[in-house]
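The values are calculated or read from the model by the stated rules, or taken from the named source; none is laboratory data. Just so it is clear, the model here is predicted, and its values are computed rather than measured. Reconstructed Cβ throughout: ideal geometry from the backbone, glycine too, with neighbour counts over all protein chains shown. Heavy atoms of the whole protein, side chains included, go into the accessibility calculation; ligands, DNA and RNA do not. Shrake-Rupley method; radii C 1.70, N 1.55, O 1.52, S 1.80 Å.
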Amino acid sequence: MHGTAPTLVLTGGQVLTVDRDFTVAEGVAVRGRDIVATGSDAEMRALAGPGTRVVELGGRTVLPGINDSHLHGAAYGMTKPPFALDVGHPAMSSIADVVAVVRAAVEAAPPGEWIVGLGWDPGYLAECLDDPRRFPHRRDLDAVAPHHPVCLTDFSSHMVWANSEALRRCGIDAGSTPPPGGVIDHDADAEPTGILREAAQRLVQSALPAATIAQRRLAVQGVVRELHTRGITSYTEPGLGPGGAGTLFGGLSTDNWTAYAELVAAGQLDARVSVLLLPAPMGGSADDLRKGLEELRRPATADSRRLNAIGVKIFADGVPPNRTAWMNEPYPDGGHGALCVHGDTPALQVAELREMIAVAHRAGFQLGVHVTGDRAIDTVVDAFVSANTAAPRPDARHYVIHGDFIGQDSLAKLAAHGYGVNMNPAIKWTISDLMDEVVGPERSAYQWPVRSALQAGVHVCASSDAPITRPDWRQGVAAMMLRESKASGRTSGPEQRVTLAEALRAYTTTPAWQDFADDWKGSVEPGKAADLCVVDRPLLDLDPHEITDVQVDMTVFDGEVVHER
């Protein structure tokens, strides 16, 4: 290396470059915003000049900055106080616990103010575990909030638990019809129970007080600070646009693009954010998508390395815990789930979904499609192939989001076209015991078949889907290597385990590919962006069970130290 000395040298450790050969070096040198060299400890020390900051690693590990490739940043920021109550596990392990938190919020709130929370999980509520027929009901909330409307979104963000006052304000009664792709649960008296699933959530969430752009900017900045403490320097914001207007606090709305763009323009966004635009809501149509794309166009940004709209998100079906993932074989308690797009019959819905995918493909966007059931996944992948046959694009990089039960045929088609899948190992770790009951033990063990996808030659990304799980790549890496459940610790599908190198690629180089940025970020190589994560011990020497105990000691973003423990 010739010219000016590095501004930063990290040396005396284990530098996992995650390059093509997974090379391990002892040090890395940074000048300005770029990595300029990797090599031995002696080589790195020889590069240092009088103004170089030299960080002695002492055997610690350097990784590329982590890329959480499916993280609802704005929505995650608005799930925290002062925006929402935390009603999630483990703090909330019963309906009574949730009700107690709501009671305290009601006592502190002005008359008639909305009480909003997020995170409850029926798989961990004691009353539901004791009696499978028992489920959260509006009456549970009515007992402590008779005059305050209450909206509690579950951990998956696919279900709302509301009280009677919220239903009354939103005009939901026994005769209400849910929007396409939505479900309103009813009790034996044919009255709404207060549980609204999938697209029906919008009936309540769209009535919540809107956050200002300034509040959204603060929420995003709070999330970025948290991500820095976790070594995360890049993430994909999977869905912002008019299709998200009815989501909780408009967490997926166009207003959040505005907040991000203002932060970039002010030089206040210290992360690399790739955005999937959301032109149509869950339950939407091809016409909704066309209208939304016309409204959005392709928004400009002051710095495409910090904020870049690269694709379009479409919702194809629901999620397995709600029995709304569209499956080939029925659920043990009946039903196959369904697509959540416009259409009165499955055939019409399939045709609508194929047209939505074709429209976005022809418009030149990457597609990220939320899809979880095997029948729905096959439909989406076939639509990818069909759209590309009609309008060939050599490097579209479409991908399946979640892909819980993706089969071998669809994996082969994705691989043949250079497409990908974005999986969620921490969700697997969280709900694998619950899924035994939902889909049966055999399908539950197969869920999120990472090894099968890699063997098929598919680009595999791993992500948190925050706020569904915390943005903790360490838990995700351990889950991919161990395939163990959170509740019981038992193994779930050990044949789908992967190596440390494969798991780390799913959080670094492959997400950079998904971002169309693999030529300038995602690995520790000269010429790449100086985004780095330093952890407190030699990662290669650890048992997989120890990975969750690793601490992030330092995060470098764009050549600047943004977190130091």
Subject >> Candidates 293, 289, 353, 367, filtered to the one that is open to solvent by less than 70 Å² (accessible area, probe 1.4 Å), in a strand (DSSP E or B) and either touching a strand residue (DSSP E or B) at 6+ places or on another chain (Cβ under 7 Å) or of a type outside the set (Gly, Ala, Ser) (or both) >> reply: 367
Subject >> Residue pairs meeting the criteria (Cβ under 8 Å; at least 6 apart or on separate chains; first farther than 9 Å from residue 316 by Cβ, in the stretch 363-374; second part of a loop (DSSP other than H, G, I, E, B) and among the small types (Gly, Ala, Ser)) >> reply: 366/396; 367/396; 374/407
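Yes or no, residue by residue, for (1) at pLDDT 95 or above; (2) surrounded by fewer than 18 Cβ atoms within 10 Å (Cβ to Cβ); (3) farther than 24 Å from residue 537 by Cβ:
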{"position": "4", "(1), (2), (3)": "no, yes, yes"}
{"position": "9", "(1), (2), (3)": "yes, no, no"}
{"position": "17", "(1), (2), (3)": "yes, no, no"}
{"position": "25", "(1), (2), (3)": "yes, no, no"}
{"position": "35", "(1), (2), (3)": "yes, no, no"}
{"position": "41", "(1), (2), (3)": "yes, yes, no"}
{"position": "47", "(1), (2), (3)": "yes, no, yes"}
{"position": "56", "(1), (2), (3)": "yes, yes, no"}
**OP:** Kindly establish whether residue 127 is among the acidic types (Asp, Glu) and either in a helix (DSSP H, G or I) or open to solvent by less than 30 Å² (accessible area, probe 1.4 Å) (or both).
**Re:** yes
Subject >> Test for residue 208: is it touching a residue at least 24 places away in the same chain (Cβ under 8 Å) and open to solvent by 20 Å² or more (accessible area, probe 1.4 Å) >> reply: no
**OP:** Can you run down the residue pairs with Cβ atoms below 9 Å, 6 or more apart or on separate chains, where the first is in the stretch 279-308 and at positive phi and the partner is of a type in the set (S, T, N, Q) and open to solvent by less than 50 Å² (accessible area, probe 1.4 Å)?
**Re:** none
Subject >> Subset of the stretch 254-281 (residues that are in contact with a helix residue (DSSP H, G or I) (Cβ under 8 Å, 6 or more places away or on another chain), in a loop (DSSP other than H, G, I, E, B) and over 21 Å from residue 463 (Cα atoms)) >> reply: 268, 279, 280, 281
Original post:
Counting only residues that are touching a helix residue (DSSP H, G or I) at 6+ places or on another chain (Cβ under 8 Å), touching a residue at least 40 places away in the same chain (Cβ under 8 Å) and not in a helix (DSSP H, G or I), how many does the stretch 87-111 have?
Top reply: 2
Original post:
Would you call residue 73 over 21 Å from residue 530 (Cβ atoms) and more than 28 Å from the chain's Cα centre (by Cα)?
Top reply: no
**OP:** Could you run through the stretch 439-472 and say how many residues are in a loop (DSSP other than H, G, I, E, B) and either modelled with pLDDT of 95 or more or in contact with a Gly (Cβ under 9 Å, 6 or more places away or on another chain) (or both)?
**Re:** 14
Original post:
Within the group 298, 305, which residue is modelled with pLDDT under 95, open to solvent by 60 Å² or more (accessible area, probe 1.4 Å), of a type outside the set (Ser, Thr, Tyr) and closer than 28 Å to residue 508 by Cβ?
Top reply: 298
Original post:
Only one residue in 385, 380 is aliphatic (A, V, I, L, M), open to solvent by less than 30 Å² (accessible area, probe 1.4 Å) and in contact (Cβ under 8 Å) with a residue 12 or more places away in the chain, so which one is that?
Top reply: 380
**OP:** Among residues belonging to the stretch 88-104 that are modelled with pLDDT under 95 and aliphatic (A, V, I, L, M), point out the one that is surrounded by the fewest Cβ atoms within 10 Å (Cβ to Cβ).
**Re:** 91
Original post:
Considering only residues of the stretch 406-416 that are in contact (Cβ under 8 Å) with a residue 12 or more places away in the chain and open to solvent by 10 Å² or more (accessible area, probe 1.4 Å), which is farthest from residue 347 (Cα to Cα)?
Top reply: 415
**OP:** Just give me the residues in the stretch 173-205 being of a type outside the set (A, V, I, L, M, F, W, C), touching a helix residue (DSSP H, G or I) at 6+ places or on another chain (Cβ under 9 Å) and in contact (Cβ under 8 Å) with a residue 60 or more places away in the chain, in sequence order.
**Re:** 179, 180, 181, 182, 197, 198
Original post:
What is the number of the single condition among (1) on the phi > 0 side of the Ramachandran plot; (2) open to solvent by less than 10 Å² (accessible area, probe 1.4 Å) that residue 522 does not meet?
Top reply: (2)
Subject >> Failed criterion for residue 116 (all others in (1) open to solvent by less than 10 Å² (accessible area, probe 1.4 Å); (2) under 29 Å from residue 71 (Cβ atoms) hold) >> reply: (1)
Subject >> Set 231, 250, 241, 267: member being on the phi > 0 side of the Ramachandran plot and without any contact (Cβ under 8 Å) to a residue 40 or more places away in the chain >> reply: 267
**OP:** Under 7 Å between Cβ atoms, at least 6 apart or on separate chains: pull out the pairs that start in the stretch 112-124 with a residue that is under 18 Å from residue 170 (Cβ atoms) and aromatic (Phe, Trp, Tyr) and end on any residue that is open to solvent by less than 10 Å² (accessible area, probe 1.4 Å) and at pLDDT 95 or above.
**Re:** 114/149; 114/151
**OP:** Being part of a helix (DSSP H, G or I) and of a type in the set (Ser, Thr, Tyr) is the filter; apply it to the stretch 370-422 and report the residue that is farthest from the chain's Cα centre (by Cα).
**Re:** 389
Original post:
So, in the stretch 388-405, of the ones that are buried (at least 23 other Cβ atoms within 10 Å of the Cβ) and not β-branched (Val, Ile, Thr), which residue ends up farthest from residue 276 (Cα to Cα)?
Top reply: 405
Subject >> Number of positions in the stretch 130-162 that are of a type in the set (Ser, Thr, Tyr) and either farther than 18 Å from residue 84 by Cβ or in a loop (DSSP other than H, G, I, E, B) (or both) >> reply: 2
